[in-house]
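For reference, the structure is listed below as structure tokens.
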Amino acid sequence: MEKRDNILFSDTFDIKDIDKDGKKFDRVSRIDARSQTHDMSLILDINSELCKLDAGDKFKLTLASSLSLSDAKEPAAFGKGEANWRAYVNGEERSLADDYEYVMFGRVYRYDDASGSKVSAFVSFGGLLACLEGDIRHLQSFVVGDSVYLLLKTI
């Protein structure tokens with residue numbers, strides 16, 4: 001996939017563990033994964049009924065500011081962060097989501113850069129949380145309050 005302005009981060013991850021602290025909710029699993037290319041760590045809550053993953057599985061993760069296949073962000077007519085995802089869901093136009101199995105929409109709620117070159121970006125997807133941690137070069141596009149799409153497909 002070529003680099004687009006709306007792609008904030010993309011890499012392939014290996015799942016190290018699932019629910020290592022025990023299962024807290026019936027339909028939610030917490031994934032602990034490590035990226036293959038950028039040496040990033042990921043903790044991700046997923047709906048385990050919709051996205052079935054096991055320890056040792058590999059998946060491609062993309063974080064994007066929009067589902068658009070062009071470089072543009074979502075149309076300004078929808079306001080900051082109010083994405084026109086309905087046009088994509090109804091099949092009116094192709095989107096990034098067409099190439100993935102599991103998609104979530106959320107907001108960056110915290111960005112922690114206290115430990116020098118290692119930073120952490122925290123995103124909430126309606127209560128399902130994600131923490132992506134690694135080198136600042138790979139997370140500098142994340143801004144607190146910005147909308148983010150998480151796209152995932154197993155490999």
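The values are calculated or read from the model by the stated rules, or taken from the named source; none is laboratory data. Computed from a predicted model, the values in this text were never measured in an experiment. Virtual Cβ from ideal backbone geometry, glycine too; neighbours counted across all protein chains shown. Just the protein is used for accessible areas: all its heavy atoms, side chains included, with ligands, DNA and RNA removed. Shrake-Rupley method; radii C 1.70, N 1.55, O 1.52, S 1.80 Å.
For residue 48, the residues 5 or more places off, or on other chains, whose built amide H falls under 5 Å of its own are 28, 29. How much FRET efficiency would the formula 1/(1 + (r/R0)^6) give for residue 24 and residue 117, where r is the Cβ-Cβ distance and R0 is 25 Å, rounded to 0.05? Calculated transfer efficiency: 0.20.
Counting heavy atoms of the protein chains alone, residue 37 has an accessible area of about 100 Å² for a 1.4 Å probe.
Accessible area of residue 58 (1.4 Å probe, protein heavy atoms only, ligands and nucleic acids ignored): about 80 Å².
A DSSP coil position with no more than 15 other Cβ atoms inside 10 Å describes the following GluC sites (Glu not before Pro) in segment 88-155: 92, 93, 101. Annotation: residue 38 carries an accessible surface of approximately 60 Å², with a 1.4 Å probe and no ligand, DNA or RNA atoms counted.
Solvent-accessible surface of segment 88-155, averaged per residue with a 1.4 angstrom probe and all protein chains in place: 52 square angstrom.
FRET efficiency for residue 17 and residue 109, Cβ-Cβ distance as r, R0 = 22 Å, nearest 0.05?
After rounding to 0.05, the efficiency reads 0.35.
Multiply the residue gap between residue 131 and residue 143 by 0.36 nm, knock off their C-alpha separation, and tell me the result in nm, one decimal place. Gain on stretching residue 131 to residue 143: 2.9 nm. Placing pseudo-labels 7 Å out from each Cα toward the beta carbon at residue 124 and residue 52 gives an inter-label distance of 3.1 nm.
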